[in-house]
Each structure stands twice: as structure tokens, then as C-alpha cells.
Amino acid sequence: MSDPIRCKNCESRIEEGFNFCPECGQEITDNLTFGVLFHNTIENFFSVDARFFRSFIPLMIKPGVLARRFVDGKRLSYLHPAQFYLFISVLFFFIFSFSIRKADSKVSQALKKGFDSEIVPDSVKIEQDSIAIEKAREAFKENRKFMGISDEDAQEIDSAIASGQGRPEMSFSFDRKVLDSLIANNAPEQEKLEAMGMKEDAGALTRRFFAQLLKFYNQKGDGILQTFYDTIPIAMFFMLPLFAFLLKIFYWRRATFAHHMVFSFYYFTFLFTAFCILLTAELIWDIPFWIEFLFFLSFMVYLIAALMNFYKSSWIGAILKAGIITFVYLLLIVPTAFIGIVLTSFMLY
């Protein structure tokens, strides 16, 4: 008796006459040759390419329709929402990296001048710090809209930065001269940390905090803004489900949480796509404020239309719910996420 035929992929037993595995779908006589490899590569590429364009156009011009089609079962014709979101988000942060280089350089220079202010005369310190702080304020203003910070929060942060003008040097609760001496003499890290105020019996989290503070001091804050931006993609994986949770609260009878996640994936994909267009344009031209305002206004209009198409809401209900969801998200979730990103960036710096 001959040995039974088994699938090379999943090793399931296959009856004679079968050309494909009934378990995993792989072809039984799939001998890998250069021709097969080339054909499969081209076939898979154009398959994804076709699904991308079939997904992209409805996403941009028919809010909520693509998500509705996906949950209704029409899935093979379109990119998976998570796959679509991942692709666009990677593209966004790639373009974003070009925009933040100038801001990162400005902030790093401002921090370095703040750290170095002690070695110059007092009459020069104030002037240099004022210039450094002003550069930091300009860098913050240029990039705040991409951080998701509201106008009110931006004004408070800007005022806090401005209140530091006129101070002759950066303020630390430890003796900088003692710490500089320990660093110059290559003292053990424990002595440096204790000189910064850490207690000898400090816990692991406290020790980590002081170690990061020492690293920040040694590097004079260089690269901290880049670390902040690198943390944003991680935060987005938590912020997106929170948006879906808000949808669940307002439409708890209309769909499952998985359906809300599909809607959220596509909506955030639209947001990232719009930001990609805006960032690319700003790299080439100086975009007027009114165009940027229309861009951000389009997000609300898109959300309202998407709620109407996906959840079959009335236009009044969609406007009210879109307004409340946006208000709660920007007032509670975004500021909390911003604080979390700042703390995480510092601990991973």
C-alpha cells in the first residue's frame, strides 16, 4: 500500500484526485521554479495593487461606505482595514520624519543653550535663553497641529514656555557643579544619581527615572523630540480602540465592537491620508492658514457623512454624535495620550 499523500504546507492527509489541499488551499503539485516564483510575485503584487485602488477611492470620496461594504461581507475585493491603516500610517510617519527634522534641530539647540548657559556671563545668559526659548516656541507652533493639541492647550503650553524667559539658567533641584565634577571624574553612576537627589533605597521605577534624568542631562536633551515623535505610533494603537469604544457607547445597539473597529480603522486611515497630502504640500509650498483650516474642518464633515452611511444615522443625529465624540476625544483622550507619550518618551529616551 502506497503512502498517503500529504500537504507539504499543513501536512494534512489528501485523497487522490485532489489538486488543492482542502485544509489550507495550497496546490498539491506546486513545484517551486523561477517561473512559479516570478508568476506568484507578480500576481500577488497586482492583486494587492488592485485592491488598494478599489479601497482608496471609496475611502476618500464615499465616507463610511467602504467600512459598510466590509462588514456586509464584501471583503476579498478590498484591503483589510488593519492592513490599509498600517500601510498609510507607515507612509504618514515616513513623510512626517522629513517635517520634524527642522523642529528637532531647533529644540535640541534651544535645550543645549539652556544647559550651557551657566558658563557665560549673566548679561549674556538672559539674551541667549530668550532666543533659545523663542526658537522652541516657534518649533512647537509649527508642529502642534500634528500632535493633536487643541488651541486652548497650545496657548497654555506656549504661556508656560514663555514664562521661562528671563531666567538666567535652567532650573534643577540639585547642585550642577557637584554633578559636573562627578561626571568629569567618571564617578560611579550611583554617586551621580545620589547627587541628583535620589535616595539610596530608591525603588526600581524611581531609579529608572533618575537614570533617564542623568542621561537627559549628559546629552543636554539632544534627540528628545525625535523620541517623542517615535512614541506616537505606539500611542495610536491604543487611541484607535478608544475611538471605537466611544462609537460603541453611542451606537451600542447598531453594531458589534468589531464593526466599530472596522469603522475606526478606515476613519483613521482617512485622517492619515489627509495628513500625508497636507505634509507633502507643506514640504513644497507655504500653505495658507485658511487651507489648513478647511483641511481640519473636512475631518468633521467626513465623520458626519461616515456616521450617516455606516450607521444609517439621521443627519441631525450624526452631527450631534460626531460633535460629542470629537469633543470627548479631543478633551479627554488626546490630552491623556499626550501626557502618556511625554512620560513614555522620557522613560525610553
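The values are calculated or read from the model by the stated rules, or taken from the named source; none is laboratory data. Keep in mind it's a predicted model, so treat the numbers as computed, not measured. FYI the Cβ positions are ideal-geometry reconstructions off the backbone, even for glycines, and counts take in every protein chain you see.
Filter region 283-323 down to the residues that are among the aromatic types (F, W, Y) and loosely packed, with under 13 Cβ neighbours inside 10 Å and list them by number.
To start, the set of residues in region 283-323 that are among the aromatic types (F, W, Y) comprises 285, 289-290, 293, 295-296, 299, 302, 310-311, 315.
Selection gives W285, F289, W290, F293, F296, W315.
Summed over region 268-303, the residues that are farther than 30 Å from I316 by Cβ and either of a type in the set (D, E, K, R) or outside the structural domain of W315 (by TED's automatic domain parsing) (or both) give a count of 2. When you check Y251 against the structure, is it farther than 13 Å from F84 by Cβ, at pLDDT 90 or above and in the same structural domain as V301 (by TED's automatic domain parsing), yes or no? When the stated conditions are applied, Y251 passes them. Specify the residue that is modelled with the lowest pLDDT; the eligible residues are those in region 278-323 that are under 22 Å from I88 (Cα atoms) and among the hydroxyl-bearing types (S, T, Y). By that ranking, first place goes to T280. Being modelled with pLDDT of 85 or more, of a type outside the set (A, V, I, L, M) and within 30 Å of A244 (Cβ to Cβ), is that true of even one residue in region 98-118? Within region 98-118 (the criterion being modelled with pLDDT of 85 or more, of a type outside the set (A, V, I, L, M) and within 30 Å of A244 (Cβ to Cβ)), the answer is no, since none of the residues qualifies.
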